[in-house]
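In what follows, a structure is listed as structure tokens, so that the remarks can point back to it.
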């Protein structure tokens, strides 16, 4: 059985050598997946920068069944992939002096890449359990926004030191390997996630309210973000100006969603040029109830409103993360490294395929499935034999949604 | 006095100050040194607490550095985080006053030691993210653009003073067991002279739960690794005692400042987030078992309302 990780080929002989459950081990589906995963690793090099300083973890049934492993060279790592054929492979964002040592404190932490992990939130109507294009699209859109609006624009991260990879399933991982950032503490990393997510932000802090008495009348003026602002203040203004630039029907709908009456929305629309000019100068008294508009903006301005931005992955430096360009055991897709230009029109169901779409395999679906994958739609009837492309068979077998004939 | 000496004598966190102390050492410590250090420490504490205008001074020699070092040893021995915080704040106020007097050259020479990425940018200063987040500054409210935070001189002094306060009151690097016997003996009277926060707080917020020994102990400040659970316990106690959220927030802020300063800061926003959560979930009960598990207390309190409730 090629899957069992029993040989002590790594430095760490004390790590638990977890074996997959017997029933699963014996299944021909598992052997089939293993055979094809092994074939993939025989022909695809896994490149890990600073390989000897990282901790590795591998999974067969779970994402990580065993960890605290280390490798001295790329060659040793590649041999492991070919001989042990893990279904899931992860490494540490952290670099250690002794990556295989246990407990964690004995590893002697040196520094850690900064990681952002975005995943799809499947809780939406019409979610496709096999391959959901809605999930894929929403998470990809947020990764692009995370990169462009936050990491590059606000944080000024270097594009050459920032890499993105598809997770192999429903998410994306962003790795930032800038030396100065690799020394950030967990608390500092938390501040970065909090910034991107825009959670727990007291938006009132961007505004000041002053009362003046003019001709015995009390007048309230509200100052807020202007074109001279930066960071979140600027983001609020930009979003407000974008809303003000909407066509009337969308404009009114947006303001109504924010809690304005139709009449109030129409009045603001009639004066939108004046309001735009005033807001640009930080004079927020020009708009009625600006707090309602800001609250509406706050709902969508941060990352992770429709997808999940996993805070723990960024802040917990002892975490392991999927090794780029390895296979994902839940899909048979490659956790493909992407250039920033590739990301803009990346479709994992066609561009992260590890297996052939021309060769076919006969499978029996465990339920009725209807999904798009590999450039075409696939409809499988429950408990009926179907001949599907190898990549589709791998997807269904990895997801345990089909059996081999 | 040359520029290097000036920086050394006036800015305890500077490289020059560390160098001065390592070259000169503390020498033979006499009772008179400890008395001078106590006087200095109490003056800073009074200044930190004072509502009347602060009366600052500029150091002309290295005595102050010696008093700071001795004060920190005495504070460490006293085990009073509240006083340590006030000492840090007092010292930071002093540094802030001195920074305000400096010309651009000295100002930059001192502050680049706290913030290596600091650069003058017109009438403002630009700071990198790593530097900005190294203190208790909340990035989300920062004027951040292209990886730089642009702030004015006064805001920078305020930021630097917070960082200086944090460094001065972080006593985690002092090995109490290695302190000379003279210091441990002197610390007995020194400790008695220090203000005590929990007593003051309890007069203001007396409640069934907050008045328990366990809560008083937590409110006095806890160490790293326990601070989050401590904040949850306080939040639950406040909620059970019927404190308004504003009152509870004030108490929580006090708790944060009482907590041990260490390499991993515990931010006010983290503690207030616990409070928010608890006030949104009023059904949450205080678990003495959890307090024990988390090492926040070492025994159940006598007359605890929790124990009584279970017995009934």
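Read-outs: derived from the displayed coordinates by stated rules, not from any lab. Computed from a prediction, not measured in an experiment: that's the story for all the values here. In this analysis, Cβ positions are derived from the backbone assuming ideal geometry, glycine residues included, and neighbour counts consider all displayed protein chains.
Quick notes on this structure:
- Placing dummy labels 7 Å off each Cα toward the beta-carbon, the span from residue A:379 to residue A:362 is 2.2 nm.
- Fewest-first ordering of B:269, B:169 by other beta carbons within 10 Å of each residue's beta carbon gives B:269, B:169.
- Neighbouring partner chain Cβ atoms per residue of A:187-195, average, 10 Å criterion: 5
- Mean residue ellipticity at 222 nm, helices only, chain B: -18500 deg cm²/dmol; runs of at least 4 DSSP H residues each add -39,500 (n - 2.57), and the sum is divided by the number of residues.
- Using a Förster distance of 22 Å, the FRET efficiency for residue B:1-residue B:46 (Cβ separation, nearest 0.05): 0.20
- Result for chain B in a Gaussian network model with C-alpha springs under 10 Å: among B:254, B:16, B:293, the largest mean-square fluctuation is at B:293.
- Within region A:279-293: backbone nitrogen closer than 16 Å to the residue A:226 label point (7 Å, Cα to C-beta): A:279-287
- If R0 equals 41 Å, the separation of the Cβ atoms of residue B:216 and residue A:208 corresponds to a calculated FRET efficiency of about 0.60.
- GNM result for chain A, Cα springs below 10 Å: residue of A:220, A:361, A:76 fluctuating most strongly: A:220
- FRET efficiency for residue A:133 and residue B:32, using Cβ-Cβ distance with R0 set to 45 Å, rounded to 0.05: 0.05
- With Cα atoms defining each centre, region B:119-194 and region A:202-219 are spaced 34 Å apart in the structure.
- Taking chain A as a Gaussian network of alpha-carbon nodes connected by springs under 10 Å, the highest mean-square fluctuation of the residues A:36, A:368, A:173 belongs to A:368.
- Considering only alpha-carbon pairs that sit under 8 angstrom and 6 or more positions apart, the relative contact order computed for region A:161-213 is 21 percent.
- Anisotropy class of region A:203-301 from Cα gyration tensor, a/c 1.5 cut: oblate
- All alpha carbon pair distances within region A:355-405 were sorted into 5 Å bins beginning at 0; the resulting P(r) in whole percents reads 5, 24, 38, 27, 6.
- Coarse-grained scattering of the protein assembly as shown at q = 0.07, 0.11, 0.12 Å⁻¹, given as base-10 log I(q)/I(0) from a Debye sum over alpha-carbon atoms: -0.65, -1.33, -1.41
- Relative contact order %, region A:355-405, counting alpha carbon pairs below 8 Å whose residues are six or more apart: 47
- For the pair residue A:242 and residue A:256 in one chain, pulling the backbone fully straight at 0.36 nm per residue adds 3.5 nm over the alpha carbon distance.
- Chain B: equivalent-ellipsoid semi-axes (sqrt of 5 x gyration tensor eigenvalues, Cα, Å): 37, 26, 15
- Distance (nanometres) between label positions extended 7 Å along Cα→Cβ at residue A:79 and residue A:159: 4.1
- The Rg/Rh ratio of region B:10-161, with Rg taken over Cα atoms and Rh as the Kirkwood radius over Cα pairs, comes to 1.00.
- The mean count of C-beta atoms from other chains within 10 Å of the C-beta of residues in A:229-236, rounded to a whole number, is 4.
- With the helix formula -39500 (n - 2.57) applied to DSSP H stretches of n ≥ 4, chain A reaches a computed 222 nm mean residue ellipticity of -9500 deg cm²/dmol.
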